[in-house]
1. Just add up the charged neighbours of Gln49: K/R +1, D/E -1, any other residue whose Cβ is under 13 Å from the Cβ of Gln49.
2. Could you go through region 57-69 in sequence order and give the Karplus-derived ³J(HN,Hα) for each residue, using 6.51 cos²θ - 1.76 cosθ + 1.60 with θ = phi - 60°, rounded to whole Hz, and x for Gly and Pro?
3. Grab the beta carbon distance between Met115 and Tyr52, set R0 = 41 Å, and tell me the FRET efficiency rounded to 0.05.
4. Please identify the GluC sites (Glu not before Pro) of region 1-99 that satisfy two criteria: DSSP loop assignment and at most 16 other Cβ atoms within 10 Å. Which are they?
5. Long-range amide H contacts for Asn98: which residues qualify at under 5 Å (H placed 1.01 Å from N, peptide plane, sequence gap of 5 or more or a different chain)?
6. Any idea what angle helix 77-87 forms with the longest principal axis of the chain, computed on alpha-carbon atoms, 0 to 90 degrees, nearest 10?
7. If each residue of separation counts as 0.36 nm, what is the full-extension length gain between Arg38 and Lys2 once their alpha-carbon separation is subtracted?
8. How far is helix 39-55 tilted, in degrees, relative to the longest principal axis of the Cα atoms in the chain, given as a value from 0 to 90 rounded to the nearest 10?
Amino acid sequence: MKFWMFHLMPWPYLPNDFDEKYDTAWVTCPNALFDPERGPEVYHRYINQLAYADELGFDGVVINEHHQNAYGLMPSPNVIAGMLARRTKNAKIAILGNGLPLRANPLRVAEEIAMLDVVTRGRVISGFVRGI
């Protein structure tokens, strides 16, 4: 059995009346709900949690791509994977979702994944999504 930590990086500071004021946390979620003062702290907290999973001996960490929503603050999982490449030593880094339709040239994504895989000495697992 293997143990993996899957992190979506949600925005933890939605207002208490969110359900009454907004229809959804997807796609139409207004940018005004993001607090630029708290944003860095949230990203640092989540990166630390993923790195801690490696320290605890998890077999891997899983990250993915989401845009314009409170569900996940990760529009570029390759950037997060780059941070984790230097913060982890043993855990595999699974990138479940590079939205190829959002990229002008899929070769660029392949090159980024290849770079990450070299830096991590083969610890990267890459998946792709079609997007919604």
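No value in this document is a laboratory result; all are computed from the given coordinates. Remember, it's a predicted structure, so these values are computed and weren't measured experimentally. For neighbour counting, all protein chains shown are included, and Cβ atoms are generated from backbone atoms with ideal geometry for every residue, glycine included.
1. Here the count lands on -1.
2. After applying 6.51 cos²θ - 1.76 cosθ + 1.60, I find x, 4, 6, x, 10, 10, 10, 8, 10, 9, 10, 6, 7 Hz.
3. That gives a FRET efficiency of 0.95.
4. Passing sites in region 1-99 are Glu37.
5. The answer is Gly127, Phe128, Val129.
6. 60
7. That works out to 9.6 nm of additional length.
8. For 39-55 against the chain, the angle is about 40 degrees.
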